[in-house]
Amino acid sequence: SCYVIHVKNVAFICIFVYVKFPILYVLFLPLTVFKMSAQPSPANQTVDREKIYQWILELTNPETRENALLELSKKREVVPDLAPMLWNSFGTIAALLQEIINIYPAINPPTLNAHQSNRVCNALALLQCVASHPETRSQFLLAHVPLFLYPFLHTVSKTRPFEYLRLTSLGVIGALVKTDEQEVITFLLTTEIIPLCLRIMESGSELSKTVATFILQKILLDDSGQRFGDHCHMLDNNA
């Protein structure tokens, strides 16, 4: 089904929200800002590549995966080639997707707890790393990995674990649209991201509304996004 969007009105709302919430463009800084403990800045961190390799290997082992997720999510800012390493290592992306799928039973009925949320958000942070990297972004889209996140965007629970889950999932999509690449917009227009963002803009928390607005703004400022909106508006007028 086609969702009615008046491009000019939505673009105005996007600009208004951007002016009101200047956090918009810094929102995709490390997701660790939502954690209580302070972390050393990336510039002050050293990288032991042997440990990076070991943690990537440990992702494929369910018994060692949780710690590996945590450690790698801390290092994603200081290892420039982490995304290709994750994407091209055997079984790693499958392990990250398994972490996501394992949470599905906890979202309906909504029983997700803080520990589950933190763990899957570490996996999402690594996927955001893959989505952001120019060498892995196209493959990320071709594999339709973002679709695995959409069940999280459908959730409506107001609890902190769910809000953190939605916000981190939006961060992955935000990392994609931030690149302003046509293939990203083309892919997203074939999915339900627009109605999901509209719903979050209506009922989500302030931060989630801000990221959802950013995503929608990026889509509608693209020529194909504008054509999509105009087409939906025309269908509505003819109904």
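The values are calculated or read from the model by the stated rules, or taken from the named source; none is laboratory data. Nothing here was measured: the structure is a model prediction, and the numbers come from that model. Here the Cβ positions follow ideal geometry from the backbone for every residue, glycine too, while neighbour counts run over all protein chains shown. In case anyone asks, the SASA skips ligands and DNA or RNA and just uses the protein heavy atoms, side chains included. Shrake-Rupley method; radii C 1.70, N 1.55, O 1.52, S 1.80 Å.
Tell me the carbon and sulfur percent of the accessible area for region 116-239, rounded to whole percent, probe radius 1.4 Å.
Working: 2680 of 4930 Å².
Ligands and nucleic acids excluded, carbon and sulfur give 54 percent.
The alpha carbons of region 88-163 give a radius of gyration and a Dmax of 13.0, 38 Å, in that order. Taking a straight Cα-Cα cut-off under 13 Å and skipping sequence neighbours fewer than 8 places away in the same chain, the aspartates and glutamates within cross-link reach of LYS51 are GLU71.
For LEU72, the shell of other residues with beta-carbons less than 14 Å away shows a net charge of -1, using +1 for Lys and Arg and -1 for Asp and Glu.
A 1.4 Å probe run over the protein chains yields, for region 60-188, 41 Å² of accessible area per residue, whole-number rounding. Accessible surface of region 44-86, 1.4 Å probe: 47 percent of it comes from carbon and sulfur atoms. Against the criterion of solvent-accessible heavy-atom surface with a 1.4 angstrom probe, TYR150, TYR164, TYR53 sort, most first, into TYR53, TYR164, TYR150.
Just report the Cα centroid separation between region 95-143 and region 160-224, whole Å. Here the two parts' Cα centres lie 16 Å apart.
What is region 48-237 by shape, rounded, prolate or oblate, if you read a ≥ b ≥ c off the alpha carbon gyration tensor as root eigenvalues and call it rounded for a/c under 1.5, prolate for a/b larger than b/c, and oblate otherwise? It would help to have the intermediate numbers written out before the result.
Details: a/c = 2.29, a/b = 1.44, b/c = 1.59.
Oblate, since a/c reaches 1.5 and b/c is not below a/b.
When only DSSP loop residues count, what chymotrypsin sites (Phe, Trp or Tyr not before Pro) in region 79-152 have their Cβ near at most 16 other Cβ atoms within 10 Å? Write down the numbers at each step before the final one.
Values: sites: TRP87, PHE90, PHE140, PHE148, PHE152; in loops: PHE90.
Sparse-neighbourhood loop chymotrypsin sites (Phe, Trp or Tyr not before Pro): PHE90.
Dipole check for region 48-237: with +1 at the C-beta of Lys and Arg, -1 at the C-beta of Asp and Glu, and the Cα centre as origin, the magnitude is about 440 Debye.
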